[in-house]
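Just dropping this structure here.
The values are calculated or read from the model by the stated rules, or taken from the named source; none is laboratory data. Because the structure is a prediction, the values reported are computed rather than measured. Positions of Cβ are generated from backbone atoms using ideal geometry, with glycine treated the same way; all protein chains shown enter the neighbour counts.
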Amino acid sequence: MEDVDDRDEAVRLALAKISGMMNISVPELTRRILRRNSDRISLRFFDGEISEALPFSFAAAAVTGAERLLRSAAASASKPKLVHPSRLSTAARHFADEIQFDQTSSGSFVLNLACPIHVDPQTGVAFGRNATRDLHRGLRTLVRAIEADTVGALIDEQRRAKQPILSVNFCQGLAELSDEKLANSLEIAFDWAVTLPEPDLARTVTIRRPYFARIAEVAQALAERKGPEKPQAFVGTVDGLFGTFGDDERRSGDVEVLVFQADSVPLRVVLDLPADAYRCPMDAHASPERFVAFHGLLRAGRQPCRVEAVTDFRLVTNPPA
């Protein structure tokens, strides 16, 4: 009751007593209360070469991977498919836009995400909960198949399913949460909103380092289509030049490009260019305001993804709006 004179003092005393009973700090208790209508998902990176710090490049990639993972879960909650389009449905886009980067736990490297859960008063459906529950189900299904060595059967099952649990996007986002140099494992914890509990679902899913290679295989297998492949058109910025000079002192080899995607974060890809075409990415890399366009076959997997059969690589002046 806000009109009571000693309300603030009473609240402080109550919080102090409850925090003591739960053996947590008052700020942590307050944060949990304020987040009572949010599913909180924590991604804890551990094992391997993780010690005092995480490389900033991997931290940035992890945020991108987490976004891709949650967007794919939202897309599956709206309409399950093996490969989701870049444009999300209205409900999925609203869910993705509402996700917040929550406070990080002290003393460990944890990416905390708060996913608000709104129950539609007319339908009684909480779309956000459907998305986080599908995320949990996809993770558990994938880990169980890897541990039971039934990944092949899982891939066949997902290809036949009218409403598949897994998608290429889901597996790509998950694969991006690992780093070869760090050789890290990952623990994903779910702290369900207290207003809509899920007592029958396990709280944590652990993905050991060796699992990530199998996850990349699943992404690749789900992306494979029968029949002739059709090259895609790409536009982006040159982010890295990794080619080498030959005996003729001309450069050729790998080029890393950040390609634009409609309604999504840029996708990091690598392509192999011959010496005749390598001058173009060198010019683009020297000027941040220059862009490149090309066609090729995208191979799914952990970023940077490989683009093969590259044609028509050229400079362009205007990126897509």
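List the helices (runs of 4 or more DSSP H) inside the stretch 103-208, counting only whole elements, that have at least 1 residues being among the aromatic types (Phe, Trp, Tyr) and out of contact with any Phe, Trp or Tyr (no Cβ under 7 Å at 6 or more places or on another chain). Quick ask: steps written out before the conclusion?
Numbers: elements: 127-147, 151-160, 168-175.
Hits in the stretch 103-208: 168-175.
Find the residue count for the stretch 248-282, including only residues that are of a type in the set (Asp, Glu) and loosely packed, with under 13 Cβ neighbours inside 10 Å. Steps first, answer last, please.
In the first step, residues of the stretch 248-282 are kept if they are of a type in the set (Asp, Glu); the result is 248-249, 254, 256, 263, 272, 276.
Checking the rest, the ones that are also loosely packed, with under 13 Cβ neighbours inside 10 Å come to 248-249, 263, 276.
Number satisfying all stated conditions: 4.
Residues to consider are ALA193, ALA202, ALA131, ALA148; find the one that is surrounded by fewer than 20 Cβ atoms within 10 Å (Cβ to Cβ), among the small types (Gly, Ala, Ser) and touching a residue at least 40 places away in the same chain (Cβ under 8 Å). Let's see the steps before the verdict.
Working: ALA193 fails: surrounded by fewer than 20 Cβ atoms within 10 Å (Cβ to Cβ); ALA131 fails: surrounded by fewer than 20 Cβ atoms within 10 Å (Cβ to Cβ); ALA148 fails: touching a residue at least 40 places away in the same chain (Cβ under 8 Å).
Exactly one residue qualifies, and that residue is ALA202.
A further question follows. If you scan the stretch 218-253, which residues turn out to be within 25 Å of the chain's Cα centre (by Cα) and assigned to a strand (DSSP E or B)?
Listed by number, the residues that qualify are GLN232, ALA233, PHE234, VAL235, GLY236, THR237, VAL238, ASP239, GLY240.
Going by the structure shown, is GLU49 over 26 Å from SER185 (Cα atoms) and among the charged types (D, E, K, R)? Break it down into steps so the answer makes sense when it comes.
Working: over 26 Å from SER185 (Cα atoms): no; among the charged types (D, E, K, R): yes.
No; evaluated as a whole, the condition is false for this residue.
Same structure, new question: Look at ALA60 and say whether it is farther than 24 Å from LEU186 by Cα, free of Cβ contacts under 8 Å to residues at least 40 places away in the same chain and assigned to a helix (DSSP H, G or I).
On the way: farther than 24 Å from LEU186 by Cα: no; free of Cβ contacts under 8 Å to residues at least 40 places away in the same chain: yes; assigned to a helix (DSSP H, G or I): yes.
No.
Right, something else. Among the residues of the stretch 75-104 satisfying the criterion of being touching a Leu at 6+ places or on another chain (Cβ under 8 Å), within 16 Å of GLN261 (Cβ to Cβ) and buried (at least 17 other Cβ atoms within 10 Å of the Cβ), which is modelled with the highest pLDDT?
Step by step, filter the stretch 75-104, then rank; the result is ALA75.
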